[in-house]
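**Q** Below you will find the structure I want to go over with you.
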């Protein structure tokens, strides 16, 4: 791939923005370079200049998404609020995506996991593991504060939260009903905070 020229970052960013929207609404296998090129009024050759192939585009999408998500988790973690409020803020990250009639990028990619290149599979797995690790730390904090009550391990509870929120998005989406998601996310968090 040739070196990028100055100013090319804007085009690459626009390609990623469009591709992200398409993946979050159709899935990774549900869009092509032609779809991105048409929306941006570019040639497919121009897209290949920035991302040699769809796998490279997918890796860049996942990397950018996971970095943004990690920054959001860091911001929530640093807030001077109790663990249940941090969990609610975490659920809001998912709701923000669903409000735009999209799905979690990594959730969409996980649904197509077997068809993804190994490099993309690794990033998807890392996203979920990083989320579980962050949630585990918040749950441990809540146990210390006395605001979180668990019957099992914090790791199992973290996995339950991720699975619940991803599943709640999936089920709420065809109904275009954010209340379905809110009810599920609230029930998940309330289960951990009720005595």
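The values are calculated or read from the model by the stated rules, or taken from the named source; none is laboratory data. Note that the structure is predicted; figures quoted are calculated from it, not measured. Counting neighbours? That spans all protein chains shown, and the Cβs are built from the backbone with ideal geometry, glycine included.
Per-residue answers, yes or no, for (1) part of a helix (DSSP H, G or I); (2) under 15 Å from the mean Cα position of the chain (by Cα):
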position: 100; (1), (2): no, yes
position: 114; (1), (2): yes, no
position: 129; (1), (2): yes, yes
position: 136; (1), (2): yes, no
position: 140; (1), (2): yes, no
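**Q** I'm trying to understand the selection: among the residues of segment 154-183, which are over 24 Å from residue 125 (Cβ atoms), assigned to a helix (DSSP H, G or I) and without any contact (Cβ under 8 Å) to a residue 60 or more places away in the chain?
**A** Once the filter is applied, which keeps residues that are over 24 Å from residue 125 (Cβ atoms), assigned to a helix (DSSP H, G or I) and without any contact (Cβ under 8 Å) to a residue 60 or more places away in the chain, segment 154-183 yields 174, 175, 179, 180, 183.
**Q** May I ask you to verify whether residue 39 is surrounded by 14 or more Cβ atoms within 10 Å (Cβ to Cβ), more than 21 Å from the chain's Cα centre (by Cα) and under 27 Å from residue 174 (Cβ atoms)?
**A** yes
**Q** Restricted to segment 184-195, and to residues that are touching a helix residue (DSSP H, G or I) at 6+ places or on another chain (Cβ under 6 Å) and touching a residue at least 24 places away in the same chain (Cβ under 8 Å), which residue is farthest from residue 152 (Cα to Cα)?
**A** 185
**Q** Can you name the condition, by its number, that residue 173 falls short on among (1) within 23 Å of residue 109 (Cβ to Cβ); (2) loosely packed, with under 13 Cβ neighbours inside 10 Å; (3) modelled with pLDDT under 95?
**A** So residue 173 meets the others, but not (2).
**Q** In addition: I need the full set of residues from segment 1-12 which are part of a helix (DSSP H, G or I) and either more than 18 Å from residue 68 (Cα to Cα) or at pLDDT 95 or above (or both), in order please.
**A** Answer for segment 1-12, where residues must be part of a helix (DSSP H, G or I) and either more than 18 Å from residue 68 (Cα to Cα) or at pLDDT 95 or above (or both): 8, 11.
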